[in-house]
Amino acid sequence: MPGPSKLSWYVHRLKAMSLSEVWHRVCERQRHRTDATFARRVEGVTLGDVAPFPALPDRARAPLKLRGRLAVDAKELLAGDWLLYGWRRVSTGAPPCWHRDAACGVIIEPDELSYKLDHRHLPDPADVRTIWEINRWSEMTRVMMHAWLNQDYDAARTAQIWLEDWVERNPVGRGINWTSPLEAALRLMNFAWFDALAHACGQEHLSSRQRVLAERIVPVHALWVHRYRSFGSSANNHLLGELVGLLHAVKRWPSLEANVGSADSLWKEIAGCVMNQFAPDGGNREQALHYHLFAWEMAWHAGRVMDGLHGPVLKRLKDAAQLFCDLSLGSWDFGDSDDAQVTPFTMDRRHAEREWRAWMLGEEEGAALSF
């Protein structure tokens, strides 16, 4: 973005902020000065026992079609042949180069302190959304779904090795993958499922490795999201996603409540976000069709986690689902959004929007873990 355009963006952004938000952002900037030592400050946080969440379906009832689809997807993913957004075929490497825009080849400096990177203005033609999509771990969870369902324990071990590689190459607070707390929260959501699936494989060598991996991943992610939660004029689907990520973490690892808040308090905030994020007619206030689904999916997951799908929240989400179904008829799309996904639970990523619509209307199961 040229200098004058960039300056104009910041001027308009500043006008959207209240004085209290400006002060909050100044304090946040000061907080970033201690990011380099953040990892040491969370070394004493341990996870303890896991809770029986998320609950997995009965493996014996899984459709053959799903088993086959997951096997094909896992083979491609482990070969570094990824389909981002359901339509962009890229070669990521195996394991992926976690700091590279796989669509254009540009690598973003991995050792730079994250707050010094401007993810909105990367070197041309790099797009941060492509990098983030690779780093949300939904594909890693997809591989673990296959490993659990098809009892492919070599695939499970490879998925774990790749996440170990991610940890080594992405120290907290450095590089492009720590520039947004929402991205860390999405990793928490997917890792909660990844962890449950890994242990459900029933192999002690996988479970022991998974316990070590969880200790390396979860505390720094949860405390980082809690430390840099969105606020003020940024409190849109970002805050919703951050809260939902933290909720998944404390439901899987209850000891974290002492550090990031109780599940009940997080759900109370999430319920407020739902009512703010979706208008009374069900429309998403960001006025973008895919962000509508993105925010809706996060809210629905949280509601199911807390048995909170009733009353005003349920009505608002039902209205939002109906509006999405009405607006997504045909091929019409609108708004400043992309086809990013939250969790990898559709049968076929290429038809995610169509599957979600069918599931909302009760026409088919849609989601891959709903059998």
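A few remarks follow.
- Check on V250, farther than 23 Å from V143 by Cα, more than 15 Å from the chain's Cα centre (by Cα) and either charged (D, E, K, R) or surrounded by 24 or more Cβ atoms within 10 Å (Cβ to Cβ) (or both): yes
- Within segment 95-110, the set of residues being within 29 Å of A192 (Cβ to Cβ) and either in contact (Cβ under 8 Å) with a residue 24 or more places away in the chain or buried (at least 20 other Cβ atoms within 10 Å of the Cβ) (or both) comprises P95, P96, W98, H99, R100, D101, A102, A103, I108, P110.
- Odd one out for E28, checked against (1) at pLDDT 80 or above; (2) within 26 Å of M189 (Cβ to Cβ): (1)
- Pairs, first within 21 Å of G245 (Cβ to Cβ) in segment 304-330, second assigned to a helix (DSSP H, G or I) and among the basic types (K, R), C-beta under 8 Å, six or more apart: V305/K251
- Candidate set: segment 122-147, residues that are of a type outside the set (D, E, K, R) and open to solvent by 10 Å² or more (accessible area, probe 1.4 Å); chosen: the one farthest from G105 (Cα to Cα): H146
Each row is one residue, and each column tells you yes or no for (1) within 21 Å of the chain's Cα centre (by Cα); (2) among the polar types (S, T, N, Q).
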site	(1), (2)
G272	yes, no
N284	yes, yes
G330	no, no
G335	yes, no
R350	yes, no
E353	yes, no
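- Selection of segment 148-162 for residues being surrounded by fewer than 18 Cβ atoms within 10 Å (Cβ to Cβ) and in a helix (DSSP H, G or I) yields N150, Y153, D154, R157, I161.
- Restricting attention to segment 264-283, the residues that are within 25 Å of H226 (Cα to Cα) and either open to solvent by 60 Å² or more (accessible area, probe 1.4 Å) or in contact (Cβ under 8 Å) with a residue 12 or more places away in the chain (or both) total 13.
- Options L78, L117: the member that is crowded, with 18+ Cβ neighbours inside 10 Å and within 29 Å of W148 (Cβ to Cβ): L78
- Check on A39, within 23 Å of the chain's Cα centre (by Cα) and open to solvent by 40 Å² or more (accessible area, probe 1.4 Å): yes
The values are calculated or read from the model by the stated rules, or taken from the named source; none is laboratory data. For clarity, every value in this text was computed on a predicted model and none was experimentally measured. Reconstructed Cβ throughout: ideal geometry from the backbone, glycine too, with neighbour counts over all protein chains shown. We work out accessible area using only protein heavy atoms, side chains counted, and drop any ligands, DNA or RNA first. Shrake-Rupley method; radii C 1.70, N 1.55, O 1.52, S 1.80 Å.
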